[in-house]
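Asker: Have a look at the structure that comes next, please.
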Amino acid sequence: MGEVDTIEHTRDKGLGVSVYFGERPHVRRGHASTSDFSPAAIARSVEAAVAIAQRTAEDDCAGLPEPELLAREIPDLDLYHPWRLEAAQAIELARRCEQAAFALSRKLKKSEGATVSTHSAQFLFANSLGFAAGFPSSRHALWCSVIAEHRGLMQRDDWMSTHRLPERLADAEALGRYAGERALARLGARKIATCQAPVLFEAPVATQLLGSFVSAASGGSLYRKASFLLDSLGQRIFAPGVSIEERPLEPQALASTPFDDEGVATRTREVVRDGILQGYFLGCYSARKLGLQSTGSAGGNHNLELRMGDAARAPDFVGMLAALDRGLLVTELLGHGVNLVTGDYSRGAAGYWVEGGKIRFPVEEITIAGNLRDMFRGIVAVGRDTVVRGTRCAGSILIDKMTIAGA
């Protein structure tokens, strides 16, 4: 609302130490951490880690990575581009963003705020196998959320831009206007009758759908037998033509890293090829639990991109609406109704009803439901309107049929 709500500046540090006693399969692990880098504090942390290891149970999967998996060459991925932004400059940038939204219409009178953030970090990892390496990184973001009001009814929407390079962020005024346009477009939202219809996930929510796949294909879920993708390697889990590639060595990308949180070298790989699952997301511990090898995924996944067929020939957003023809465009997901054990999927949603490939009216207070197995196999098209959200990149995703629970 044009006023400064929060100014925050943090500068912190942390050191964690893990120690292992014994050889596999008789390994005991202890871990402790500190934010105090004085010699005495570090010594106390080591003593605490040792005390924990001496008292914990043996674990046949604990221990350091296999030496041959460690990163030996550390490429420069150009991840550090600090933004020398004073607080007054950040405030002005946020105000310009918000005001650009308000200038669109008198129906835009309120906001949840505009935020400018900048982050720089230095990471270092070392172990007793002789590995020691680190790198600096930066991450910057601009976000705006506004509220449209008409005849006592209100709708909100937002937009954001993130990048490692500040000059690659979206223009502040353009981002604010787009957030405003999205909020205005949702005015007059209505319920629809319960039905089954095709569903088009807009690109930002499509990355959440990709996130559900990542959770199900991650080592922790798999070795605990809490995933519907258990024992699915080599099986078709997506529609033919769908591929998911992991590119951890892409320069300047938000989730790039030459090695994971255990020092294991990362590599470009196809996680899904032509709909068939080629690999999971594993750190050393979960890999041993499953009798497999680490994929360099300790700490998370890296720059995943979902595509279908030739990306250059993929439809744009207008083309995706035409492919949908008649059905639901989802622009917001609510709640956490995803059961990774069974694949059952049920989430609150908002968006737009589409007829004849054209958006007809906004929709609210509905639930979309299905099963992730059927949803993944039912992907009809993936658009080239890609966005990056965190570690994932995807365009809009069209699924052939889901249950839409409405009025």
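The values are calculated or read from the model by the stated rules, or taken from the named source; none is laboratory data. Just so it is clear, the model here is predicted, and its values are computed rather than measured. No Cβ is skipped: glycine too gets one built from the backbone with ideal geometry, and neighbour counts run over all protein chains shown. In case anyone asks, the SASA skips ligands and DNA or RNA and just uses the protein heavy atoms, side chains included. Shrake-Rupley method; radii C 1.70, N 1.55, O 1.52, S 1.80 Å.
Asker: Tell me the strands (runs of 3 or more DSSP E) entirely within segment 304-407 that contain at least 3 residues that are not β-branched (Val, Ile, Thr). Let's see the steps before the verdict.
Answerer: Values: elements: 304-308, 327-334, 344-355, 358-371, 379-382, 387-389, 392-394, 397-405.
It comes to 304-308, 327-334, 344-355, 358-371, 392-394, 397-405.
Asker: Starting from segment 33-50, take each residue that is in a helix (DSSP H, G or I) and list its partners that are of a type in the set (Asp, Glu), counting only C-beta distances under 8 angstrom and pairs at least six apart or across chains.
Answerer: Sorted first by the residue in segment 33-50, then by its partner, the pairs are 42/36.
Asker: Still on this structure, I have one more. Yes or no: segment 330-349 includes at least one residue that is surrounded by 20 or more Cβ atoms within 10 Å (Cβ to Cβ), touching a residue at least 12 places away in the same chain (Cβ under 8 Å) and over 24 Å from the mean Cα position of the chain (by Cα).
Answerer: no
Asker: Can you confirm whether residue 34 is among the polar types (S, T, N, Q), in contact with a strand residue (DSSP E or B) (Cβ under 6 Å, 6 or more places away or on another chain) and open to solvent by less than 50 Å² (accessible area, probe 1.4 Å)?
Answerer: It is true that residue 34 is among the polar types (S, T, N, Q), in contact with a strand residue (DSSP E or B) (Cβ under 6 Å, 6 or more places away or on another chain) and open to solvent by less than 50 Å² (accessible area, probe 1.4 Å).
Asker: Can you tell me which residue in segment 51-67 is farthest from residue 127 (Cα to Cα), limited to those that are part of a helix (DSSP H, G or I) and open to solvent by 40 Å² or more (accessible area, probe 1.4 Å)?
Answerer: 55
Asker: When you scan segment 357-385, how many residues do you find that are surrounded by 17 or more Cβ atoms within 10 Å (Cβ to Cβ) and farther than 28 Å from residue 339 by Cβ?
Answerer: Looking only at that region, the number is 3.
Asker: Would segment 219-230 turn up any residue that is hydrophobic (A, V, I, L, M, F, W, C), in contact (Cβ under 8 Å) with a residue 40 or more places away in the chain and either on the phi > 0 side of the Ramachandran plot or open to solvent by 50 Å² or more (accessible area, probe 1.4 Å) (or both)?
Answerer: No: segment 219-230 contains no residue that is hydrophobic (A, V, I, L, M, F, W, C), in contact (Cβ under 8 Å) with a residue 40 or more places away in the chain and either on the phi > 0 side of the Ramachandran plot or open to solvent by 50 Å² or more (accessible area, probe 1.4 Å) (or both).
Asker: Considering segment 100-121 alone, what residues qualify as being under 29 Å from the mean Cα position of the chain (by Cα) and either more than 15 Å from residue 159 (Cα to Cα) or among the polar types (S, T, N, Q) (or both)?
Answerer: 110, 111, 115, 117, 118, 119, 120, 121
Asker: Residue 325: open to solvent by 20 Å² or more (accessible area, probe 1.4 Å) and either at pLDDT below 95 or not aliphatic (A, V, I, L, M) (or both), yes or no?
Answerer: So residue 325 fits the description; yes.
Asker: Kindly indicate whether residue 20 is under 30 Å from residue 98 (Cβ atoms), surrounded by 14 or more Cβ atoms within 10 Å (Cβ to Cβ) and touching a residue at least 12 places away in the same chain (Cβ under 8 Å).
Answerer: no
Asker: While we're looking at this one, here's another question. Out of curiosity, is residue 91 at pLDDT 95 or above, open to solvent by less than 50 Å² (accessible area, probe 1.4 Å) and of a type in the set (A, V, I, L, M)?
Answerer: For residue 91, the condition - at pLDDT 95 or above, open to solvent by less than 50 Å² (accessible area, probe 1.4 Å) and of a type in the set (A, V, I, L, M) - is met.
Asker: Which of the following residues is modelled with pLDDT of 95 or more, within 30 Å of residue 380 (Cβ to Cβ), open to solvent by 30 Å² or more (accessible area, probe 1.4 Å) and aliphatic (A, V, I, L, M): 174, 170, 179?
Answerer: Just one listed residue meets the conditions, 170.
Asker: Residue check: is residue 86 farther than 30 Å from residue 25 by Cβ and either surrounded by 14 or more Cβ atoms within 10 Å (Cβ to Cβ) or in contact with a Leu (Cβ under 8 Å, 6 or more places away or on another chain) (or both)?
Answerer: no
Asker: Further question: Considering only residues that are open to solvent by 80 Å² or more (accessible area, probe 1.4 Å), part of a strand (DSSP E or B) and more than 12 Å from residue 183 (Cβ to Cβ), which ones fall in segment 95-152?
Answerer: If the condition is that a residue be open to solvent by 80 Å² or more (accessible area, probe 1.4 Å), part of a strand (DSSP E or B) and more than 12 Å from residue 183 (Cβ to Cβ), then 119, 122, 124, 139 are the ones that fit.
Asker: Taking only segment 231-252 into account, find how many residues are crowded, with 18+ Cβ neighbours inside 10 Å and not β-branched (Val, Ile, Thr).
Answerer: 5
Asker: Something else about it: How about segment 182-210: which of its residues are open to solvent by 60 Å² or more (accessible area, probe 1.4 Å) and closer than 17 Å to residue 363 by Cβ?
Answerer: 190, 191, 193, 194, 196
Asker: How many of the residues in segment 253-294 are assigned to a loop (DSSP other than H, G, I, E, B) and open to solvent by less than 50 Å² (accessible area, probe 1.4 Å)?
Answerer: 16
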